[in-house]
Amino acid sequence: MRRRVVVTGIGIYSCIGKNLAEVTQSLYEGRSGIGIEPLRKSYGFRSPLTGLVERPSLKGMLDRRLRICLAEEGEYAYMATLEAMETAGLDPEYPDYNEMGIFYGNDSSAKAVIEAHNTMVSKKDTTLLGSGAIFQSMNSTVTMNLSTIFRLRGVNMTVSAACASGSHAIGLGYLFIKQGLQSIVLCGGAQETNYYSMGSFDALSAFSTRVEDPAKASRPFDLSRDGLIPSGGAASLILEDYDHAMRRGATIFAEIVGYGFSSNGRHISQASDEGSLTAMLRALDDARISPADIDYVNAHATSTPQGDAYEAIALHRLFGPDCPPISSTKSMTGHECWMAGASEIVYSILMMQRSFIAPNINFEQPDEYSAELNIATSTIETELNLILSNSFGFGGTNSALVIKKYY
């Protein structure tokens, strides 16, 4: 028997809002969270564009001992998880008496590593690094901190899969619950936004340099796109076995019904329409639906010339002429990297709940590939029953998730 996997809690902390209400409004209005960080230019970046995410102040919310172990992305994840726990109706003592697991996507902790290195270069003394340095600098910083803060005693694992990390984390949570290995799991993705973490991306000339109007710089699928905008924050979801959720009287936001994955097995940084299509087909097959059943696609499209083109080819191969509305919320948020696969499921759930499709802003002229797609250029009021969400990353990792409206 296939166990049903439902979403009973969601939380978000991003450049378009620090909570679900703010983010919902931004999505509906097509409001951009992109701006300029002057420090990037003085540091040596080609592009100062970034998603502007406010650092939370955790003093008074968390004990100092817990705060000093949190890297920047861990702070965002903590805020998103607080909201997810609240919307799931889970009180702080719940994990003390119920086993709860965690899968969280994260693929860097650059700021903590570089600052520790700088201390060593100037002071030549490891004792001056501080006791929290090791816990901030490991890739598993988010899961080790959240599992400690929220006292989680189930599966505890970081998913490090480039820009598909958050999506794969949800996929693994879904599989663990479906197979009966866990009843309730915290899943999500987090991304630091400091300039230390993005220098190597900028070195690849991957970023947009359209600085004259930051809100128009992220242009997924548009002919004039010239690169992505780095961004970040965190998104958390509570996944739960349906029967378990029913027994505790939980509110259900949506159901995860399909997860697909693949690896391109080719160039380390180039996308693949074949790999993308394979992940989507597997997700649809797992959900036991056909392409015609999908009401909306939240595309991965990051605003890079090559990546968007390959995804457009894959989407046209999947849907043909009967393409459902497609938009990339990265047109508003920029590319939230390790967080994106999780945040875009939260964004999709918010759209599903409010019955609208967020626009792919800044889409003015298609290229030869996006011309074959049904790009939503403005907010569309419509009921959404099944949504496909794509996430692809360096190294050829691909993930696709299908979520279903719960009635």
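Using only the Cα atoms of the stretch 5-247, build the gyration tensor, take square roots of its eigenvalues as a ≥ b ≥ c, and label the shape rounded, prolate or oblate: rounded if a/c is under 1.5, else prolate if a/b is larger than b/c, else oblate. Oblate shape, in that a/c is at least 1.5 and b/c is the bigger or equal ratio.
Which whole-number percent gives the relative contact order of the stretch 273-407, counting Cα pairs below 8 Å spaced six or more residues apart? Relative contact order of the stretch 273-407: 33 percent. For the chain, a Gaussian network of Cα nodes joined below 10 Å ranks Cys187, Cys337, Cys323 by mean-square fluctuation, and the top entry is Cys323. Let me know the shape class of the stretch 258-404, please: from the alpha-carbon gyration tensor, a ≥ b ≥ c as square roots of the eigenvalues, rounded when a/c is under 1.5, otherwise prolate if a/b is greater than b/c, or oblate. It is rounded, given that a/c, with a ≥ b ≥ c, falls under 1.5.
Phi angles across the stretch 372-382 convert, under the Karplus curve 6.51 cos²θ - 1.76 cosθ + 1.60 with θ = phi - 60°, into 3J(HN,Hα) values of 7, 9, 9, 7, 7, 8, 9, 4, 10, 7, 6 Hz, Gly and Pro given as x.
Relative contact order of the stretch 5-247, taken over Cα pairs closer than 8 Å and 6 or more residues apart, is 32 percent. D by Stokes-Einstein for the stretch 315-382, Kirkwood Rh over Cα pairs, 25 °C, 0.890 mPa s: 190 µm²/s. Inter-part distance, the stretch 365-407 to the stretch 89-105, computed on C-alpha centroids, equals 31 Å. Using just its DSSP H runs of length 4 or more, each adding -39500 (n - 2.57), the chain gives a mean residue ellipticity at 222 nm of -10000 deg cm²/dmol after division by all residues.
Between the stretch 203-266 and the stretch 297-340, what's the alpha-carbon centroid distance in Å? Between the Cα centre of the stretch 203-266 and that of the stretch 297-340, the gap is 10 Å. Estimated at 0.36 nm per residue, the fully extended path between Ile68 and Arg248 surpasses their Cα-Cα distance by 61.3 nm. With Rh defined as the Kirkwood radius, the inverse of the mean 1/r over Cα pairs, the Rg/Rh of the stretch 180-285 is 1.07. Here the stretch 248-337 yields Rg over Rh of 1.01, to two decimals, using C-alpha coordinates and the Kirkwood radius.
For Ile10, the amide hydrogen comes within under 5 Å of the amide hydrogens of Thr87, Ala88, Ile238, counting only partners 5 or more places away or on other chains and with H modelled in the peptide plane. Distances between placed amide hydrogens fall under 5 Å for Thr329 paired with Ala299, all partners being 5 or more residues away or on another chain.
In the chain, the alpha-carbon atoms span a convex hull of 131 Å³ per residue.
Note on Lys123: lysines with a C-alpha under 22 Å away, same-chain residues under 8 apart excluded, are Lys111. For the stretch 121-126, 3J(HN,Hα) computed residue by residue from phi via the Karplus equation (6.51, -1.76, 1.60; θ = phi - 60°) reads 4, 8, 9, 6, 8, 5 Hz, glycine and proline entered as x. Evaluating 6.51 cos²θ - 1.76 cosθ + 1.60 at θ = phi - 60° for every residue in the stretch 27-41, the Karplus couplings come out as 4, 5, 8, x, 8, 7, x, 8, x, 10, 10, x, 4, 5, 5 Hz, glycine and proline recorded as x. Mean sequence separation of contacting Cα pairs (under 8 Å, at least six apart), scaled by the length of the chain, corresponds to a relative contact order of 24 percent. Using the average count of surrounding beta-carbon atoms within 10 Å as a protection proxy, the listed peptides 94-102, 115-123, 78-86, 281-289 rank, highest first, as 78-86, 281-289, 94-102, 115-123. The Rg/Rh ratio for the stretch 59-161 is 1.02, where Rg is the radius of gyration of the alpha carbons and Rh is the Kirkwood radius.
None of the figures in this text is laboratory data; all of them are computed from the coordinates on show. Computed from a prediction, not measured in an experiment: that's the story for all the values here. A quick note on method: Cβ atoms are made from the backbone with ideal geometry, for glycine too, and the neighbour counts reach across all protein chains shown.
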